[in-house]
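To start, the structure itself, in structure tokens.
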Amino acid sequence: MFKLGRLISWLIDSTTVVGAMAVALMMLHVSLDVVARYIFNTSIPGTMTLVSYYYMIVTAFIPLAYAEQKDSHISVEVLTEHFPKSVQNHLAGWMLLLSTVIFGLLTTRSWQEAVVKMATNASISQGETTIIIWPAYYILPLGFALMTAVSFYKFIIYLFRLRSGLDVKRASPDDIPNE
């Protein structure tokens, strides 16, 4: 199981790099569009569509599993913080199973929607430019599938008290080398 955890961590880290690259490309694309508008009095065709249907979706859905791996999702513990630590741990463990089911359903449903969009060759016309958008619909099931895998893996680790291979160390400013 430890090696499977390492593999999942590698996959999550790789897709998170893709998410970070999407942020960088989005910033570059939008900046170039602004420069083109003010200097050349024209914009880059399809910028809004590419930002809305590609960059933002990759940025939002691909890193979901990374946040789960690091236990960095937002949580509100108004009631449970008063429970004994062992009860808190068991609640958190069994919530992983619930999360697995919910994200599994989201994976299935978003996959079905992506297949429909591909079959209809979904696209958007922006000005004189037509941009296909159906490939972007496959990003959601990818992000949800990674989230499902991480939560299920963490549930198995909890249930059988196994050693996890996931990289659960949170990034901190102290981890950045000084130059």
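A few comments on the model shown:
- In the set Thr100, Thr108, only one residue is in a helix (DSSP H, G or I), modelled with pLDDT of 95 or more, crowded, with 19+ Cβ neighbours inside 10 Å and β-branched (Val, Ile, Thr); that residue is Thr100.
- Near pairs, Cβ below 8 angstrom, 6+ apart or cross-chain, from the range 147-163 (charged (D, E, K, R)) to any residue that is crowded, with 18+ Cβ neighbours inside 10 Å: Lys154/Glu68; Lys154/Leu96; Lys154/Ser164; Lys154/Leu166; Arg163/Ile157
- Given (1) surrounded by fewer than 15 Cβ atoms within 10 Å (Cβ to Cβ); (2) under 24 Å from Phe160 (Cα atoms); (3) over 15 Å from the mean Cα position of the chain (by Cα), index of the condition Val76 fails: (2)
- Residue within the range 27-49 that is surrounded by fewer than 14 Cβ atoms within 10 Å (Cβ to Cβ) and closer than 30 Å to Arg170 by Cβ present: yes
- Selection of the range 126-164 for residues being part of a loop (DSSP other than H, G, I, E, B), modelled with pLDDT of 90 or more and not hydroxyl-bearing (Ser, Thr, Tyr) yields Ile133, Arg161, Leu162, Arg163.
- In the range 28-66, residue nearest to Ile12 (Cα to Cα) [restricted to those that are in a helix (DSSP H, G or I) and among the aromatic types (Phe, Trp, Tyr)]: Tyr66
The values are calculated or read from the model by the stated rules, or taken from the named source; none is laboratory data. Note that the structure is a prediction, hence the values are computed from the model and not measured. Cβ sites come from the backbone with ideal geometry, for glycine too, and all protein chains shown count toward neighbours.
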